[in-house]
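One structure is given below, encoded as structure tokens.
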Amino acid sequence: MGRKSMIFPSPYEVLVSLYSIIGSSYFLPTVFNTIKAVLLSFALAFLPALLLGIISRLVPFIYRLMEFITGFIRSIPTVAIILTALLLLPLSYTPVIICYFVVFPVLYTNISEGLRNVDVKLIEMARVYRFSNAKIIRNIYIPSLKSYIIAGSRSALGLNFKVMVTAEVFNFVNHRTIGAQMYMHKIGIDLAGIFAWALIVAAVSIIFDLLIKIIFREKTQND
């Protein structure tokens, strides 16, 4: 009990550590490297999720197969994915690949459900009025899918930041990442530094969440 009270930081100590980190020369490169990896893994997961979501809407067998695959991936503990990737894959790509497998099921499920919940009567009416396929996609599928993409993207990015930092802790190749910095503070038994970096991760994640809402809100208003 005495040891815990001795090393547990006060809010003031966390703020001092946060100020020191933000003012350091390595702060921006460190945050940039983690954000870059998060966005790369998100982009790599989004495109296959969108493509397979469309295919699964058209082919029932693919839908059932993907339901099994995504359910299986979701059931695997994240730490098992991390450790397996560290053993089998090149270290420099490990965090991105780990996040791909964690984020892909979230994006695919949202896109797939969005496509399957499109109002069939609207499609039938569009066919009656001889709408082209491009017009049906633009005026029916995309508006119906938008809310699912927003929800999926927000969930996936929030999860992605947390998993990426965890993977960076295990994968100590580049010390200019948030996870590596947290690990170095852990070695020094510096809880204030760990909490400060946790606040930074939370702030960056919230900023990206707000950006997604703003971008889609502007797009909706322009449409």
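Per DSSP H run of n ≥ 4, the term is -39500 (n - 2.57); total these for the chain, divide by its residue number, and report the mean residue ellipticity at 222 nm rounded to 500 deg cm²/dmol.
Per the formula, -27500 deg cm²/dmol.
With unit charges on the beta carbon (Lys/Arg positive, Asp/Glu negative), name the residue among TYR19, VAL169, SER147 whose Cα is farthest towards the positive pole of the charge dipole of the chain.
The residue sitting most towards the positive pole is SER147.
Please list 29-40, 120-131, 80-91 highest first by mean number of surrounding beta-carbon atoms within 10 Å per residue.
Answer by packing, highest mean first, reads 29-40, 80-91, 120-131.
Tell me the relative contact order for segment 43-118 as a rounded percent, counting alpha carbon contacts under 8 Å between residues six or more apart.
53 percent
Within the chain, which whole H helices from DSSP have a Cα span along their axis of at least 24 Å and a mean Kyte-Doolittle hydropathy of 0.5 or more, if any?
27-58, 94-116, 142-170, 191-222
With only Lys, Arg, Asp and Glu charged, each at its Cβ (+1 for the first two, -1 for the last two), find how big the charge dipole of segment 12-222 is about the Cα centre; round to the nearest 20 debye.
With only Lys, Arg, Asp and Glu charged at Cβ, the dipole is about 880 debye.
Hey, how many Å between the Cα centroid of segment 137-206 and the Cα centroid of segment 41-109?
About 17 Å separates the Cα centre of segment 137-206 from the one of segment 41-109.
For segment 12-222, what is one quarter of the convex hull surface built on the Cα atoms, given in nm²?
So the mean shadow area of the Cα hull is 14.3 nm².
A 26 angstrom limit on the alpha carbon distance is what I want to check against. Which of LYS162/LYS186; LYS36/LYS186; LYS186/LYS213 exceed it?
LYS186/LYS213
Just want the answer: with Cβ charges of +1 for Lys and Arg and -1 for Asp and Glu, which residue in GLY179, PRO60, ILE136 is farthest toward the dipole's positive end in the chain?
Value computed over the given set: ILE136.
What net charge is computed for the residues neighbouring THR34, neighbours being all others with C-beta under 15 Å from the C-beta of THR34, Lys and Arg scored +1, Asp and Glu -1?
Residues close to THR34 contribute a combined charge of +2.
For segment 12-222, what relative contact order do you get, as a whole percent, if you take Cα pairs closer than 8 Å and at least 6 residues apart?
28 percent
Bear in mind these aren't lab numbers, they're just calculated from the coordinates by the rules spelled out. On a predicted model such as this, the values are computed, not experimentally measured, just so you know. Neighbour counts run over all protein chains shown; Cβ positions are idealised from the backbone, glycine included.
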